[in-house]
Amino acid sequence: MMKTHENRALFSKALLKATTCLFLTAGAGVSSVWAAPETTESMSTEMVQQQTVTVSGVVKDKKGEPIIGANIMEKGTTNGTITDFDGNYTLKVKNAKSILVISYIGYQTQEIPAGNSGKKDITMQDDSELMDEVVVIGYGTQRKGDVTSAISSVKSESFVKGAVTDAGQLIQGKVAGLNISLPSGDPTGNTQIMLRGISSLKGGTSPLVLVDGVPGSLNTVAPEDVESIDVLKDGSATAIYGTRGTNGVIIITTKQSRKEMAPTIDYNGYVSVSNILNRPDFMDADDLRQKWNEGYTFNGANLEDFGADTDWLGELTRTAVSHSHNLSLRGGSKNTNYTASINYTNRQGTFIKTDFEAINGRMDITHSMYDNKLTANVSTFVSQHTMPRSWNTYAYRQALIHNPTEPVKDENGDWFERDLYFYDNPVSYIRETIGEMKRKNIRFNGSLTFRPIESLTLKAMYARRSTTSTDGYYQTKKHVSTTKSGRNGYAYRYDSDFDNNLIELTANFQKAFGKHNVSVLIGYNYEDNTNSNLSMSNYDFPTDAYSYNKMEAGMALKRGEASMTSYKNSDKLIGLFTRVSYNFNDRYLLMASLRHEGSSKFGKDHKWGNFPASL
């Protein structure tokens, strides 16, 4: 973020050396032209451009059959792709020395140099142990050797190590075609995930996230509690989720205990320190005064020497210390196993008043009875996230353009302000704002699994999610925006509630007949969502003590100048689905699925839709 603003730094030494006549826009009334002495410094720039290489080819198994959905990654980067229906791939890499990493479920991972030829056909070798491992797919699991769709499975031993902000960063750079990014260093920011690009005008790009089969988000599970993450990429894998799977599906499986496992307590945590990288090198007050003495002048900048020496960016930044702690308990007997964990995270941002605090608690109990024919599971997750609402990027801009001879406060202890357009004291702008966002999440789910015969599994699940958020901020009577506008204290508050109910009924039949292996799934799911919120703003308060917690106290309300809005909406979704998988001698694989889905969001005359897939 710092690099993008370097060219706006009014007092940058590097910029002064680079040119003798520089225009810097810093808001109306605060733009300047340097008039330098006649001597100039020459500057040479050497441009180095690496030759990129485009590599293409076909990925096949040892029998010569194309492998669909194999991952092709440039090692050490997030650059990657997957093979198409015919096993073809094309990938542009940095140079000929780049290493390609080729992986697919049930096969040994290979690494080969890109080289200069541009043509790389790859033959994958079976991994017999991996072929028998189980991956999570839509509404169930499947043996890796039977997978026909583009699915990537990442286990905990392959997760990204170190300090991660959420579960999404655990697989950053691990899955081809999955773009995971954190747009800024803001500790309150959320990881953004794009798997299948933009698929609709209003639907967004985020994939469906399932935590132990329940819809959720990356923030509703502590990274330390994650056992594996499975990514369903193509339409054949996600069609069974209907419209919800349009942008792909990410299935998160949390850590569970085993039967007859002795009680085990685990702790893990970390402490991290962060600073701004490539901090702009600004002129300080002494540098500025020296340039004045050397004959530099300023046209239209309204610059004066106010006698101070202020590092404005330094006033807004700090060395950030973050820490996270996770304590878990796992154990089990012959019929019952349990898991409980609590996680505390406190992250500081490098800018003042950018913090994030989270407390997460999880408990899971599974009990089997009647010779394991009937299994009951109850799981609950509770979290509270707290973050300040005082920071504003406008203050960062002000720190870049502010005169270093101006003090933070005047001789009376009041904030030093100048009556210029879009030119405000950045420290007061942040310090005189009081705000906080608090979000509480509760997730409960219970299930009954009945196995009347070995090849048939019947399951019923109910889940409920609730999220309550309170978001508010108050700009005090000393805040520059209230003093300039005469608002005498301004408050804003936003309260919202979200509730989700989910019911799923499934029947799964799986049977092997000699060289034939057949699996049939049928199911039904019902889901409803309710959103409601209330927002209000008011100003002209008798005291700052009320903050945003006594909104009616502002006199603007009595004059009819306050604002208030609210809304409530709900939607429902019903789905009937089936999937058939067939495997002959581990050579010929077939999978077909169909979902018949109805949604209140669909058009008036098109409430139902079909979502078929086959491979």
- prompt: How high is the relative contact order of the chain, in percent, counting Cα pairs under 8 Å that sit 6 or more residues apart?
  reply: 10 percent
- prompt: With the radius of gyration and the Kirkwood radius both derived from the Cα set of the stretch 153-272, what is their ratio Rg to Rh?
  reply: 0.99
task: Once you have the Cα-Cα distance between residue 296 and residue 588, take 0.36 nm times their residue separation minus that, and quote the gain in nm to one decimal.
output: 97.2 nm
message: I'd like the GluC sites (Glu not before Pro) in the stretch 242-334 restricted to DSSP loop residues with at most 12 other Cβ atoms within 10 Å, sorted by number.
response: 260, 294, 304
- prompt: In straight Cα distance, which lysines are under 22 Å from residue 568, not counting same-chain residues fewer than 8 positions off?
  reply: 202, 438, 440, 601, 604, 607
message: Please give me the summed charge of the neighbours of residue 222: other residues whose Cβ is under 14 Å from its Cβ, Lys and Arg +1, Asp and Glu -1.
response: -4
statement: Quick calc, residue 309 & residue 503: beta-carbon distance into FRET formula, R0 51 Å, rounding 0.05, result 0.15
- line: If the label point sits 7 Å along Cα→Cβ of residue 157, residues of the stretch 255-283 with amide N under 17 Å come out as 255-256
statement: Once the in-chain neighbours fewer than 8 apart are removed, the lysines whose Cα is under 27 Å from residue 120 read 60, 62, 63, 75, 92, 94, 97, 144, 174, 233
- line: Neighbours of residue 252 by Cβ distance under 10 Å: Lys/Arg at +1, Asp/Glu at -1, summed charge -4
- request: Go ahead and estimate [θ] at 222 nm for the chain from helices alone: -39,500 (n - 2.57) per DSSP H run with n ≥ 4, summed, over the residue count, rounded to 500.
  value: -2000 deg cm²/dmol
- request: Run the quick spin-label model on residue 123 and residue 552: label points 7 Å from Cα toward the beta carbon, then report their separation in nm to one decimal.
  value: 8.1 nm
query: Spin-label point model (7 Å from Cα, Cβ direction): what's the residue 469 to residue 448 distance in nm?
result: 3.7 nm
message: When a/c reaches 1.5 or more, the comparison of a/b and b/c decides; with that in mind, is the stretch 53-199 rounded, prolate or oblate per its Cα gyration tensor?
response: oblate
- prompt: What translational diffusion coefficient, in µm²/s and rounded to a whole number, does the Stokes-Einstein relation yield for the chain at 25 °C and a viscosity of 0.890 mPa s, taking the hydrodynamic radius as the Kirkwood radius over Cα pairs?
  reply: 86 µm²/s
field: Charge sum, other residues only, whose C-beta stays under 9 Å from residue 309's C-beta, Lys/Arg counted +1 and Asp/Glu -1
entry: -3
statement: Quick calc, residue 111 & residue 580: beta-carbon distance into FRET formula, R0 35 Å, rounding 0.05, result 0.45
query: Relative to the present Cα-Cα distance, how much length would full extension add between residue 532 and residue 367 at 0.36 nm per residue of separation?
result: 55.7 nm
Residue 563 versus residue 75: modelled label distance in nm, points set 7 Å from Cα along the beta carbon direction: 5.6 nm
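Just so you know, all these numbers are worked out from the coordinates, no wet-lab data involved. All figures in this text were calculated on a predicted structure; none of them were measured in a lab. Note that we place each Cβ from the backbone using ideal geometry, even for glycine, and neighbour counts take in every protein chain shown.
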